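Report on the structure given below.
The values are calculated or read from the model by the stated rules, or taken from the named source; none is laboratory data. The shown structure was predicted, so the numbers you read here are calculated from the model rather than taken from an experiment. When we count neighbours, we look across all protein chains shown, and the Cβ atoms used for this are built from the backbone with ideal geometry, even at glycine. These accessible areas exclude ligands, DNA and RNA; they are computed on the full protein's heavy atoms, side chains included. Shrake-Rupley method; radii C 1.70, N 1.55, O 1.52, S 1.80 Å.
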Amino acid sequence: MTTTLLLQLSDLHIREPGRLAYGRINTAPYLQQAVHSITRLPQRPDAVVITGDLTDFGRAAEYDHLRALLAPLGSMPIYLLPGNHDDRSQLRASFPEHAHYLGHDGFVQYSVPVGEMQLIALDTVVPGASAGSLCTQRLAWLEAELERQSHRPVVIAMHHPPFQTLIGHMDKIGLLEGAQALEAIVARHPNVERVICGHLHRSIQVRFGGSIASTVPAPAHQVSLDLSPQAPSTWMLEPPGFAIHALPRGARMVSHLAASGSFEGPFPFHEPDGQLID
């Protein structure tokens with residue numbers, strides 16, 4: 001059975017070499033660890049999508065550093081998506097070889113085939129703001145593209161999640177416009193297998209428009225798990241990770257959360273002499 005594997009990274013927050021995010025953490029070694037984990041997977045992903053906050057300030061030197069950190073992935077197709085920490089114009093200037101899907105101006109929205117599925121990327125960025133938005137123009141483009149791809153399983157990728165996470169300080173800078181309209185569009189297109197998002201630096205899942213919407217951990221720092229409406233805006237060095245969205249031909253999508261790092265194993269489920277462990 002042929003299975004298409006779409007790997008999702010998010011919220012890399014890469015700074016210039018040697019610079020610390022928030023004055024405390026060098027995010028680059030954590031991305032190196034994630035890339036190493038990806039290269040060691042038993043099955044090679046068909047593509048990698050990075051759902052925003054590629055850099056911390058959207059600067060040219062940060063994107064140059066990001067390029068070097070992603071280089072070990074080799075010829076693996078990589079699809080980039082801006083987050084609220086990115087700069088669309090600089091992203092395009094720094095990755096000119098990605099112009100075929102990043103476009104030249106306006107929103108960074110695209111639709112590309114990945115094996116048996118179609119990856120549709122939505123731009124939720126509001127320049128200069130931490131919160132996101134989906135205006136009528138962006139949503140109309142999505143609906144038209146979904147009509148064109150009605151015969152294929154679809155994964156929608158975006159930065160800001162279109163649902164309340166119950167982490168109060170993050171919901172205040174979530175998708176503040178267009179979430180209900182997006183859910184109605186997804187509900188009209190049952191071939192949407194997933195709506196995959198970033199921004200939250202945590203693994204979160206929710207039912208959404210008859211499908212599943214989710215976020216993934218970051219390669220470095222995670223948003224603190226505090227469901228109080230008055231939770232302070234803090235982060236922690238919890239275990240990092242990434243997601244693998246697997247679509248067997250003619251079957252349902254299955255998503256796995258993978259830990260980023262090196263771990264002992266794998267070991268067989270039997271004693272060295274071949275006997276099963278009791």
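With 38, 25, 50, 120 as the choices, which residue is farther than 15 Å from residue 218 by Cα, in contact (Cβ under 8 Å) with a residue 24 or more places away in the chain and not aromatic (Phe, Trp, Tyr)?
Exactly one residue qualifies, and that residue is 120.
Hey, among 266, 229, 239, which residue is part of a loop (DSSP other than H, G, I, E, B), in contact (Cβ under 8 Å) with a residue 60 or more places away in the chain and either surrounded by fewer than 20 Cβ atoms within 10 Å (Cβ to Cβ) or of a type in the set (Phe, Trp, Tyr) (or both)?
229
Does residue 106 qualify as being open to solvent by 30 Å² or more (accessible area, probe 1.4 Å), assigned to a loop (DSSP other than H, G, I, E, B) and at positive phi?
yes
Of these, 77, 96, which one is surrounded by fewer than 17 Cβ atoms within 10 Å (Cβ to Cβ), more than 23 Å from residue 20 (Cα to Cα) and within 16 Å of the chain's Cα centre (by Cα)?
None of the other options fit; the residue is 77.
From the set of residues in region 148-174 that are under 17 Å from residue 112 (Cα atoms) and more than 19 Å from the chain's Cα centre (by Cα), which is surrounded by the fewest Cβ atoms within 10 Å (Cβ to Cβ)?
151
When residues of region 207-226 are filtered for being over 12 Å from the mean Cα position of the chain (by Cα), outside any loop (DSSP other than H, G, I, E, B) and within 27 Å of residue 116 (Cα to Cα), how many remain?
4
Testing residue 71 on (1) in contact (Cβ under 8 Å) with a residue 12 or more places away in the chain; (2) open to solvent by 60 Å² or more (accessible area, probe 1.4 Å); (3) small (Gly, Ala, Ser), one condition comes back false. Which one is that?
(1)
This table checks each residue for (1) on the phi > 0 side of the Ramachandran plot; (2) touching a residue at least 24 places away in the same chain (Cβ under 8 Å); (3) assigned to a strand (DSSP E or B).
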site	(1), (2), (3)
146	no, yes, no
150	no, yes, no
160	no, yes, no
166	yes, yes, no
170	no, yes, no
183	no, yes, no
194	no, yes, yes
199	yes, yes, no
205	no, no, yes
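Closer than 29 Å to residue 22 by Cα, of a type in the set (Gly, Ala, Ser), modelled with pLDDT of 95 or more and part of a helix (DSSP H, G or I): is that true of residue 71 in this structure?
yes
Looking at region 48-67, can you tell me whether even one residue there is in contact with a Leu (Cβ under 6 Å, 6 or more places away or on another chain), open to solvent by 10 Å² or more (accessible area, probe 1.4 Å) and outside any loop (DSSP other than H, G, I, E, B)?
The answer is no; no qualifying residue exists.
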